Structure formats: structure tokens, C-alpha cells
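Have a look at the structure below before the remarks.
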Amino acid sequence: MSDDHTHVQDFFTARAADWDSRFPDDGPAYAAAVAGLGLREGDRVLDAGCGTGRALPPLRAAVGPSGVVLGADLTPAMLQAAARAGRDRDGRLLLADVAALPLRSGCLDAVFAAGLIAHLPRPADDLRELARAVRPGGALALFHPIGRAALAARHGRRLTPDDLRAESNLRPLLARSGWRMTSYVDEDSRFLALAVREA
């Protein structure tokens, strides 16, 4: 396992048990972000870096009983917390690295990724792997329940020009990775970038 993966696993393992209690009011923001994907009954969707699975219930509601919902995470403790919360009833949980998904090419209609991009060791390659698993015309939602400035302030940092989530950085990064950005919102109450998988 790479040092990047070890660092991510250590970070989230230490926080898994109380993750949901630290952010108890995020549910409506997750539901609104999922709605932005425009999922339909029967669609196949992946929550990439699903953590404790907070997006799985709204994803299941969007695709209905005939749809497929997968939640992939690198950290076993996060998946265990998702199962304890009963979210494994809304989607199948996979212990998997988003840089090497155990999925065939083009099998998904959409990917939802909350807070993921900041933890990707090779963002262009990793976003390209997500694109590989999504059919042409499928959707990607990069989400965070608070905006860039609010998140930086929470962590005692300042926003810097090299922030991957800045629109001027994210748009070309997505384009190099097989995605076309269609919408970008960065407010104190949410960050949401939507993209379409290029043909």
C-alpha cells in the first residue's frame, strides 16, 4: 500500500466511530447534491470515497429498487461505521481504491464523490479512472457540504491559488480526465461541481 493510502486510512480510521456525530446536519445538503445528478429509476451509481455512507440513502431513493447503488471506500473502519448505521441496506459496500475500481468500463451512469478530491494522490489519474467506469454522457458530482472558504476557515487555513477545487483549476483538471464541467457552485453552505463524461 502506498504512503498516500496509509495516510488516508490512518486519518479516517481515527475518525470513523464519531464521524456522523461530528456532522449531524449534513443530510439535506447531501440530498440536494444527489438531486443535482439527475438520476433516474434503474440507474447505476457509485458513491466514491463513501465514508460512512451518508449519500447512500438519497442515492437509493433516486434510483429506486431497480437501480444499483455502490459505496466504495479505502478505509475498513468507515465501511464498518456505514454498516452499523444500516446504510448497507441502501447500497453494496466495497473496500476499494477509487484509483483501481473493481468495475468494468462504462458500467455506471453516475459517480457521487463527497470530499474526495482533496484526498486523491493523483487527481487527474484518479478522475480518469472514475471516467473509465462511467458510460459516455454519464455524470459526476464533486461535493462538499460546506464551501471552500468555510472549509479553509474550519481548518485554520487560507485559500490558495493552487486549490484543486477552485473553478480555474478544476475545470481543466476535469477536462484532462475525460469530464466536461457543466455546473460549479462554491458557497459557504456547499461546494458542488457537476460534470459529464465525454464520449
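The values are calculated or read from the model by the stated rules, or taken from the named source; none is laboratory data. Bear in mind the structure is a predicted one, so any value in this text is a computation, not a measurement. Every residue, glycine as well, gets a Cβ built from its backbone with ideal geometry; the counts of neighbours run over all protein chains shown. Just so you know, the surface numbers come from the protein's heavy atoms only, side chains and all, with ligands and any DNA or RNA stripped out. Shrake-Rupley method; radii C 1.70, N 1.55, O 1.52, S 1.80 Å.
Odds and ends about this structure:
- Computed on the chain, with alpha-carbon pairs under 8 angstrom and 6+ residues apart, the relative contact order is 19 percent.
- Counted by Cβ distance under 15 Å from Pro136, the other residues give a net charge of +4, where Lys and Arg count +1 and Asp and Glu count -1.
- Surrounding net charge for Val63, when Lys and Arg each add one and Asp and Glu each subtract one, Cβ distance under 13 Å: -1
- Cut-off 9 Å between beta-carbons: net charge of the residues surrounding Asp109, Lys and Arg +1, Asp and Glu -1: +2
- Cα centroid separation - segment 131-193 against segment 23-83, whole Å: 18 Å
- Accessible surface of the chain [probe 1.4 Å, protein heavy atoms]: carbon and sulfur percent: 52 percent
- Per residue solvent-accessible surface (Å²) - segment 93-189, probe of 1.4 Å: 46 Å²
- Share, in percent, of DSSP beta bridges within the chain that are antiparallel, nearest 5: 45 percent
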